[in-house]
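Report on one structure; see the data block that follows.
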Amino acid sequence: MALRFYNTLSLKVEDFVPADGKTVRMYTCGPTVYNYVHIGNLRTFTFQDILRRWLRARGFVLDHVMNITDVEDKIIRNAMAQNMTIGDYTKPYEVAFLEDIATLRLEKPERIVRATEHVHEMVEAVEQLNAKGFTYESDGSTYYRIAKFPEYGKLSHHDFSGSRAGARVDVDEYEKDDARDFVLWKARKDNEPCWPASMGEGRPGWHIECSVMAMKYLGETLDIHAGGIDLAFPHHENEIAQSEALTGKPFSKYWLHAEHLIVEGQKMSKSLGNFFTLRDLMEKGYSPEVVRYLFVTVPYNKKLNFTFDGLKAAATSIERLRNYKLRVETGKFGEGANAAISERIAKALQQFEDSMDDDLNTAEALAAAFELIRDTNSAMDSGEFLAGNAKEALAFLDRFDSVFDVLKPSVAEGAITDAEIEALISERVVAKKTKNFKRSDEIRAELLEKGVILEDTKEGARWKRK
Ligand code: AMP
Ligand code: ZN
């Protein structure tokens, strides 16, 4: 079966093919850097990482742009309250964000672009919209006139019957003609940071940055645009209105939205105060790969209820995967390959790939792995599992981990390296052979102190990090 995604635009699952058959031109909305991101945000960014990895596994090349929103109301308010420039205020949060995504093993998009570095292009886009008659001015600010774009609502499938054209609704402190109209350019207020523009000094509204940066780097029609579900309306709807008014072409072929991470039934969010950052969880002793694993236990298009029990279960699952890998790597198996087991592993690989192709059904993909582990563990117990099967099982784990990336333990800085561990283990083998049990015990204690557990088996010593 072909690779397919649920497209919010069509409300259908569609086969995926990029326009040129090879390169996926993808835009994802990045963070607003006014604070640390929380694990709700990170669930969405992890979905984008899994999406990237699976597209590549399927032979596509990525050209992925993510923006950093480094100018908006909260940023301006906080920076001014602390007497800082917006650049000085946002920089540490941008750095923290990049650190967090690296810690979570998220691949970096090909381009990460800042809103403040594209204001000039945003001004030009607003001028063009103005020339085409899509805007009006009110109190010095420039608004997008939704009534001029009849397709408005086609992404979020919103029913706008309740919002009347001409109703004067006071949002954003300015007067708008229609409740749906949104600001493209905000007039300068007091001594807030501002940029020069033919519309008058001011700053961009939030939506215009994504239209401008997406089309600048990726062209007029993207293959994929993705983000959290809360962005579908109004943000992405407004991006479509702006971009399509400018080009007359579809803005993006596929629209993918990740469902929320929730806590006790409510969306995790800064404003509700019900959030954890990745840093909070690491302080509590959870490793980044446990958080990563928790995210993929539920497919991206379903809500994920965050609990500490869920995190603990994720840690246990990773433990099982790693123990299995160790057993396959270090076990002494007979020569050859058992054909029935080879077939079993090939079937698991097929199930894994079919599940990922099916709109990234990560829960099913994990299930395929665990069923294989159960079956092949019993084949190892009974001696049917042979050396050739070990190779196949490891190839399966490689494919699995090229997407999920949870098998390798995160190594804390200054921690003992794998090579150092192996060297000590070899020394211990010699110590034992020469009956130097004192040294052999010392090595075990030293490794334990460095967080490495040794397990002596018939097949030799195995080790794992605590
Ligand atoms: P923001 O920095 O608020 O613009 O959000 C960055 C990304 O995180 C956006 O794609 C949001 O849709 C997403 N997001 C925000 N809260 C959650 C949540 N609780 N669960 C999943 N994604 C979220
Ligand atoms: Zn955006």
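At a glance:
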quantity	calculated
The stretch 31-93 and the stretch 228-258: distance between their alpha carbon centers, rounded to Å	18
For the stretch 201-353, convex hull of alpha carbons as volume per residue, Å³	208
Alpha carbon Rg of the stretch 270-404, scaled by the compact-globule rule 2.2 N^0.38 Å	1.20
Positive-pole candidate from THR457, VAL119, LEU272, dipole of the chain, charges at beta carbon	THR457
Reachable aspartates and glutamates from LYS267, criterion Cα separation under 17 angstrom, eight or more residues apart if same chain	ASP230, GLU259
Radius ratio Rg over Rh of the chain, counting only Cα atoms, Kirkwood formula for Rh	1.06
Packing-based exposure ordering (other Cβ within 10 Å, fewest first) of THR297, THR85, THR90	THR85, THR297, THR90
Listed pairs LYS154/LYS249; LYS91/LYS284; LYS132/LYS253; LYS303/LYS325; LYS284/LYS312; LYS325/LYS466 exceeding 19 Å between Cα atoms	LYS91/LYS284; LYS132/LYS253; LYS303/LYS325
Pairwise Cα inverse-distance average, inverted: Kirkwood Rh of the stretch 315-466 (Å)	17.1
Charge dipole (debye, nearest 20) of the stretch 418-465; +1 at Cβ of Lys and Arg, -1 at Cβ of Asp and Glu	240
Geometric extent, Cα atoms of the stretch 418-465 - Rg, Dmax (angstrom)	9.9, 27
Debye-sum result for the stretch 256-339 in log10 I(q)/I(0), which assumes one identical scatterer on each alpha carbon, at q = 0.19, 0.20 Å⁻¹	-0.90, -0.97
Sum of -39500 (n - 2.57) over DSSP H runs of 4+, divided by residues of the chain (222 nm, nearest 500)	-14500 deg cm²/dmol
P(r) weight above 23 Å for the stretch 1-122, C-alpha pairs, percent	41
Ascending count of other beta-carbon atoms within 10 Å, so fewest first, for CYS29, CYS210, CYS194	CYS194, CYS29, CYS210
Sorted by Cβ density within 10 Å, fewest first, the residues HIS236, HIS257, HIS225, HIS158	HIS158, HIS257, HIS236, HIS225
Computed over the chain: relative contact order in percent, which uses C-alpha pairs under 8 Å that are six or more apart	15
Relative compactness, the stretch 4-258, computed as alpha-carbon Rg over 2.2 N^0.38 Å	1.01
Degrees separating the helix 418-433 axis from the principal Cα axis of the chain, which is the longest one	10
DSSP-assigned coil residues among GluC sites (Glu not before Pro) in the stretch 263-317, each with at most 14 further Cβ atoms within 10 Å	GLU264
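A short reminder: the numbers here are calculations on the coordinates, not readings from a lab. Small disclaimer: the values here were computed from a predicted structure and weren't measured. When we count neighbours, we look across all protein chains shown, and the Cβ atoms used for this are built from the backbone with ideal geometry, even at glycine.
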